[in-house]
Structures are given as structure tokens and as C-alpha cells.
């Protein structure tokens, strides 16, 4: 999971600044407000994704803390599978945001780390104040992609996810076969050879195993068709698109040993919008392979690379 932090230079973090942190869940958002380290945070809870509620709580916090309506608001929130839409929502209401990796946050190493919404929002709020006041070592800043750059990543990430899912169906078919002592040289011949397949003792395949195998094979076939469609779309873009990123893919493919998969990944994940500063960051992007998340993409999969 990552933490997004609104970035203002130290000259802007004056007394007329409201610091705000989010702790997010599927149903509610915990908000924390303060004007500095010496003030007890004001904590409020709003319904998740209730944008007007968030703006109303900001206005109320300014009034309660004696700040003018024009006071700067330095915001931060934890980002994960929800992506960057909250970041853009906050940007649209007057803040300049950046993102830091939450794994860089300080924790007590001599005790078990407590976990609750209240504690989390206060921890992130304290980190935000220190970061806004110039303590840059408190977090690692990452770059948020534009809407267009984020959209360009879906093609190759979808392809990678489909391939991984198809590989899992292949493994499942192989496991069903091996568990019953069935030998089959090619999984593509599974449906045609069902009647001829025999168990270790020569008995025909049980009906339950047969039906399950057919369902897994149907899923495998469907995924293969989806992969073919995505690859065809990628080839069409490579042949006809005049986009600058696609042109970079073509140039990389001219290098020996670089194919369409590697070239596409490096361009869309690295050269497209990130600002890598050293070879380690470039290597981290080049070696990045997105993996399925239990209910969405993880923060790392969404492209929050440290810069």
C-alpha cells in the first residue's frame, strides 16, 4: 500500500495551513485535521467516495481551527487498489499532490505495530507535517501518471494477466490428469480424446472428473481467444499508430534481443511517464510484471514507482 502526500514547499507551510490525512476503507473514510504538531488532530468519518462530504469537512475544520477560507490545505491519503482518482480529485480542488511509499514510514521496532483507523490517520498526519516542513527523508516520493499514461498501461497489463490466468488453467488440467494416472501428450486434444482416456486401472474417466476437465478446458480456450484479441490490438497499434510512445516501441524492437513484449513494457512503464534517476530504478521498472490482486490492482501494480 502506498501513501499519497500533497507537496508544498516549506515557504508555503505557514500558520495558515490546514494539514489533512485520510484513512480509507470500502465503506468509510477517516479524516484527520490539524494545523501542526502541537494541536490535537480533529478526526471525522465520512462515507467512502462522498466528495461533497470531504469538502464540507475541510470547510468545517478551517472554521473550528480559526483558519481563513483561503488557507492552504496540505492533504495526504493511503492509496491502494482504488488508484489515483482521489489524488486527481484533491488536485482539482486546489492542491498540488505527490505520492510516497508507505513502507518508508517510521514504525516502532521495539513493539508490535498497532493497527486502527485512528492510529493510522494520526501517524500519516504526523508524517505529512514533517514532510511539508522540509523533512524529505520521511517518505519516498513517487510519480503519479497522467490519465492518458495510466490508460496506456491497460493493454500490456491485461495481456500479462490473461497469460497468467491461462497458465493456471493449464496447470489445473495437468494436475487433474496426473492425479488419476492419465497420460495425454497434448492438452489441446483433451475434448477429442475423452472417450479413449483411461485411468491407471483401465477404467473409463469418471463423469465428475470429465465435466470438471471440460469446464477448465473451456476456460482455457476462452482465455486463449482473449489473448489473441489483445495481441491483435497491440499489433494493429504497432503498425498504424502515430503516437510517440508507439514509435519508441518500434525503435526499441530494432535492437537485437528485444521483442514486442519487452519493448512495450519498458516504454509504457518507464519511458512514458516515469522519471527514473538511476539504473536501479530503470531495472525495477524493466523487471516489473503485474500480477492479479484479490479485488483489484495493488499499489505497486498501479505504477507507483519510487523516483
Given the conditions (1) in a loop (DSSP other than H, G, I, E, B); (2) at pLDDT below 85; (3) under 27 Å from the mean Cα position of the chain (by Cα), report the number of the one that residue 86 does not fulfil. (1)
Tell me, please, whether a residue that is over 39 Å from the mean Cα position of the chain (by Cα) and assigned by TED's automatic domain parsing to the domain that holds residue 235 can be found in region 161-180. yes
Return a yes/no flag: does region 150-166 have any residue that is touching a residue at least 24 places away in the same chain (Cβ under 8 Å) and in contact with a strand residue (DSSP E or B) (Cβ under 9 Å, 6 or more places away or on another chain). no
Under 30 Å from residue 249 (Cα atoms) and either in the same structural domain as residue 247 (by TED's automatic domain parsing) or under 27 Å from the mean Cα position of the chain (by Cα) (or both): is that true of residue 151 in this structure? yes
Go through the residues of region 198-215 one by one and say whether even a single one is more than 17 Å from residue 264 (Cα to Cα), in contact with a helix residue (DSSP H, G or I) (Cβ under 9 Å, 6 or more places away or on another chain), touching a residue at least 40 places away in the same chain (Cβ under 8 Å) and surrounded by 13 or more Cβ atoms within 10 Å (Cβ to Cβ). yes
With respect to residue 73, determine if the residue is in the same structural domain as residue 18 (by TED's automatic domain parsing), buried (at least 18 other Cβ atoms within 10 Å of the Cβ) and either assigned to a helix (DSSP H, G or I) or out of contact with any strand residue (DSSP E or B) (no Cβ under 8 Å at 6 or more places or on another chain) (or both). no
Test residue 234 against the stated conditions and say whether it is over 25 Å from the mean Cα position of the chain (by Cα) and part of a helix (DSSP H, G or I). no
Of everything in region 184-216, what is closer than 20 Å to residue 169 by Cβ and part of a helix (DSSP H, G or I)? Give them in sequence order. 187, 188, 189, 208, 209, 210, 211, 212, 213, 214, 215, 216
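Every residue, every condition in (1) touching a helix residue (DSSP H, G or I) at 6+ places or on another chain (Cβ under 6 Å); (2) at pLDDT 90 or above; (3) in a strand (DSSP E or B), yes or no:
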{"site": "8", "(1), (2), (3)": "yes, no, no"}
{"site": "22", "(1), (2), (3)": "no, no, yes"}
{"site": "39", "(1), (2), (3)": "no, no, no"}
{"site": "44", "(1), (2), (3)": "yes, yes, yes"}
{"site": "57", "(1), (2), (3)": "no, yes, no"}
{"site": "61", "(1), (2), (3)": "no, yes, no"}
{"site": "67", "(1), (2), (3)": "no, yes, no"}
Every pair of residues 6+ apart whose Cβ atoms lie under 8 Å, when the first sits in region 183-196 and is surrounded by 15 or more Cβ atoms within 10 Å (Cβ to Cβ) while the second is modelled with pLDDT under 75: 190/184
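The values are calculated or read from the model by the stated rules, or taken from the named source; none is laboratory data. These figures come from a predicted structure and were not determined experimentally. Please note: Cβ atoms are built from the backbone with ideal geometry, for glycine as well, and neighbour counts cover all protein chains shown.
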